[in-house]
Amino acid sequence: MKMDDKKNITVNVKFFANLRDIAPPKKIVTLPIGSTVSTILDLFTISIETKLIILINGSPHQKRETLIKDGDIVAIFPPLAGG
Amino acid sequence: MSKRILRVNMTKLEAKFEDLPADFVALGGRALTSTIVAKEVDPLCHPLGANNKLVFAPGLVTGTKAPTSGRLSVGGKSPLTGGIKEANVGTNFAQKLGRMRIAAVVVEGMHKGDDYYLLKIKNDGTEFMKANKWSNKGLYDTYKELYKEFGNKVGICGVGIAAEISGAASGVCFNDPEGLPSRYAGRGGLGAVMASKGLKFIIVDETGAPGVEILNEEAFNMGVKKLWNALTTHDVTKPGGALNSFGTSVLVNIINEAGGLPQRNFSSGQDDRSEKVSGEVKADEIKKRGGVRPHFCSPGCVIQCSEVWTKPGGKDPMGVLEYESLWALGPNCGIYNLDDIGELNRACNDLGLDTIEAGGMMGVAMEGGLAEFGDGKKALKLIEEIKNKTPTGRILANGTAFTAQALGVTRVPVVKGQSLPAYDPRAIKGIGVTYATTPQGADHTAGYAIATEIMGVGGTADPKDPKKAELSRNLQVATAAIDATGYCLFIAFAILDIPEGLEGVVDTLNGVLGTSLTVDDVPGYGMQIINTEREFNKAAGFTDKHDRLPEFFLKEKLAPHNEVFNVTDEELDKVWGA
Ligand code: SF4
C-alpha cells in the first residue's frame, strides 16, 4: 500500500453546467504521479478539442499540460459567462 | 417623422413632444441620459427635489430587428450615490419607445399635492390620469390590473411602495414578456426620484408607431447578419450554451470555486452550500415545476438568458431569478434555499426594491442583529417592515450604507454609497477596480472584468494580479458605448472574441444613423460618456478619494485565498489618469 501511495495521487474532480450530461458532478479519482489536466479529461473521455474553463484550487486559466498534485481540487466548466 | 423628446413637466402636469436637437442625433441609451442629466440637472440639487430630472432613453438600435437590443437606460441624479446614475433594463417598453421614435422621455418638476399620476404615452399624444388607487399596493397585483385596464399590448413602467417612502434602494420596474413586474432599472434609487415627482406609472401604447428610421438598410442588414452570426457561434452566447441553458446563475458555482462568492456580508468567499442555489439546481427545478427556461427579457434576443421562476407546483410565477439577486438575497445572507430566495426576490419586485441593494442591506441587517444569518423567513418579515412603512422599514428601504450606520455595523460593502454586487474584490481584483472607479458607484456591469479574469473571455488575466487599471478602463469605456446602442451588455462576450461581431454592431449603428463610423470610433464614443459622467460627479463634490473601496477590503483577509484588496491607490487613479 505504501508503494501505491507514492505512485498515486488523489484528486477531487468536479464538472459543472452542460458537462454534467457527459461526466459526473463530482468524483474523487486516483491518478498516477505526473498526471496533468489532460489525464483527467482522458479518464472521462472528454475530447481534447472541447472548450473548457478549468480551475485548480480556485485558480482559473489552467492549461491541459498543467501538472496535478495530490489533494488538488480540479473544477471543470464549459465556456460560460453572465453577470 | 424625425426623432423626438417627450418632456414631461410634473409641476404643471404637461407633456410635450420636442424635436431631438441635431447634436443629440447620434446619442442613445446611456449616452443620451447622461448627456441630458449633465446638461440640465444641477449637480448640487437634492435628488428628490424638483430640480432633479429622470430621463428614459432606449438605445440607438432598440426597436429594430437587431438581435438582443431591447435595452433602456434610465438616468438622473442618484439619491443613493449623490452622483449621476444610469440604470439599464431589458424590456419591450424600450422597444416600443424606439418604434415611436421617442429618443428620450424627460420627467422634470414635481407635483405639489399628495396625488400620484399615471402618464399614458401614445404615438400621437399623452394623457395624465390619477393613480392613487394603486398607491400602497404591491406591484404584482397592480401590473395585473394595469394590463386589464390598458390591454396586454402596452409596456408598463412603475414604482412601488419602497419608492413612495423615498427609499434610496428603490428601483424603476418594467414588465417582462409575461407582464410580470420583474425587470428592473434597479440601481441607485431612481424609483424614489420618479415617485418624488408624483409619477407612479408610465404606460406606452405604440399603436400607429412608424418604427425606427433606418437610413442605410444595406449597412443595417449586413450588421444584423454579422452580429447574429457572432452571437449564435460564440460558445458563451449561442443557443444551448451555458448562459442560455442555465441563465446568469450559472455563475454561482464558478465564482464560488474561484473563492470570490461573498458569503454572510462579505465575510468569506466560498461556501459548499452555494451549490444548492446554483444555476444547475435552479434550471432542474424550473423544469420540474413547469416554469419557463430559456426565456428573454425582451423580444428578439438570441442569447435568451432569462427564465420564469415559480413556487413549487409551477404556482405564482415570480419572473427571472438572476445571479446577482440570488446571491444578494442568498449566500450574502447565509441563505441556501431557492424557495426562500425566490420569495425574497418576489417581495423585492412587489415593493419595487433593487434586489442587489436589498441583499446588501439584509447582509448588514443580519450582521447588526436584526436576524440570524440564514434565516430566510425572518428576512422576509424584515422586508415586510418596508411594506408596512414602519421606522425600521424606512431605514431598510434606504439600503446598505444607511442600514449599517443605523445599526453600528462597520463592515459596509459599498462604493459611493451603492452596494457591491456578487464578486468579492479581494479574490478578483479587476472587478474591484471597476467597483472603485466607475462613476456609477459599485456596479459590476460598468466594466465586467470577471469575463477576462475568470472566464477567459476577451483574453485572460490572473484574478490575483493587482495591475488592473487598463483592463478595467478598457471595459468601462466599451461598456459605456454598448449601453448607448441599446444592445444588451451580454453581446460583449461574443464581440470581444469575434471581430466581425463588433463590426456588425457598428454597421447597424451606421445603418440607423446613416453615418460611416468604424470600430476605431467606439472607444472615443464610450470615453465621452464617462467624461460627461465624471464631470457631473466632480461638480457634485466627488474626488479621486471617492474612487476607493471600503477599508475592510484592504485589511480583512478573505477565505479561502486569504487575500486582501491590494490594488494601490496609484493604480486606481491610473484608470482615469487623475
Ligand atoms: S441576454 Fe438576457 S438580459 Fe440580455 S437581452 Fe437577452 S434575455 Fe435580456
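The values are calculated or read from the model by the stated rules, or taken from the named source; none is laboratory data. All figures in this text were calculated on a predicted structure; none of them were measured in a lab. Note: ideal-geometry Cβ built from the backbone for every residue, glycine included; neighbour counts use all protein chains shown. Protein only, heavy atoms only, side chains kept; ligands, DNA and RNA dropped before computing areas. Shrake-Rupley method; radii C 1.70, N 1.55, O 1.52, S 1.80 Å.
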task: Name the residue farthest towards the positive end of the dipole of chain B from the options B:L420, B:G374, B:P317, assuming +1 on Cβ of Lys and Arg, -1 on Cβ of Asp and Glu, about the Cα centre.
output: B:P317
task: List the residues of the stretch B:201-243 that lose 30 Å² or more of accessible area once all protein chains are present, compared with their chain alone (1.4 Å probe, heavy atoms only, no ligands or nucleic acids).
output: B:D235, B:V236, B:A242
field: Interface residues, the stretch A:49-83 - accessible area loss of 20 Å² or more versus chain alone, probe 1.4 Å
entry: A:K51, A:I53, A:L55, A:G58, A:P60, A:H61, A:F77, A:P79, A:L80, A:A81, A:G82, A:G83
message: From zero outward in steps of 10 Å, how is the percent of C-alpha pairs of the protein assembly as shown spread across the bins?
response: 3, 17, 28, 28, 16, 5, 2, 0, 0
statement: Spelling it out for B:G171: with amide H atoms placed in the peptide plane at 1.01 Å from N, the residues 5 or more places away or on another chain with amide H under 5 Å from its amide H are B:G191, B:L353, B:D354
task: Return the value, in Å² to the nearest 100, of accessible area buried between chains A and B (probe 1.4 Å, both sides summed).
output: 2100
task: Write down the Kirkwood hydrodynamic radius of the stretch B:133-221, to one decimal in angstroms, obtained as one divided by the mean of 1/r over all alpha carbon pairs.
output: 14.3
Accessible-area composition of the protein assembly as shown, carbon plus sulfur, in percent [1.4 Å probe]: 51
- prompt: Given charges of +1 on the Cβ of Lys and Arg and -1 on the Cβ of Asp and Glu, with all other atoms neutral, how large is the dipole of chain A about its Cα centre, in debye to the nearest 20?
  reply: 120
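At 1.4 Å probe radius, can you tell me the per residue accessible area of the protein assembly as shown in Å²? The partial results should precede the final answer.
Values: 23390 Å² over 661 residues.
About 35 Å² of surface per residue is accessible.
Using only Cα atoms, figure out Rg for the stretch B:4-205 and give it as a multiple of 2.2 N^0.38 Å. Could you put the intermediate results ahead of the total?
Working: Rg = 15.0 Å, N = 202, 2.2 N^0.38 = 16.5 Å.
That ratio works out to 0.91.
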query: Which parts of the stretch B:250-266, residue by residue, lose 10 Å² or more of accessible area when the rest of the protein chains are there, as against the chain isolated (1.4 Å probe)?
result: B:V250, B:L251, B:N253, B:I254, B:E257, B:A258
query: Can you list the HN-Hα couplings for the stretch B:464-470, worked out from phi with the Karplus curve (6.51, -1.76, 1.60; θ = phi - 60°), rounded to whole Hz and with x for Gly and Pro?
result: 8, 6, x, 8, 10, 4, 5
- prompt: For the stretch B:213-219, in order, what is each residue's ³J(HN,Hα) by Karplus, 6.51 cos²θ - 1.76 cosθ + 1.60 with θ = phi - 60°, in whole Hz (x at glycine and Pro)?
  reply: 6, 10, 7, 9, 4, 5, 4
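In debye, nearest 20: dipole of chain B around its Cα centre with unit charges on the Cβ of K, R (+) and D, E (-)? Present the calculation step by step, with values, prior to reporting the outcome.
Working: 63 positive and 70 negative charges, 286 e Å.
The calculation lands at about 1380 debye.
Counting each pair of different Cα atoms once, what's the Kirkwood radius of chain B in Å, rounded to one decimal?
Working: mean 1/r = 0.0432 Å⁻¹.
Across chain B, the inverse of the average 1/r is 23.1 Å.
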field: Residue-wise HN-Hα coupling along the stretch B:250-260, computed from phi with Karplus coefficients 6.51, -1.76, 1.60 (Hz; x: Gly, Pro)
entry: 4, 6, 3, 5, 6, 6, 5, 4, 6, x, x
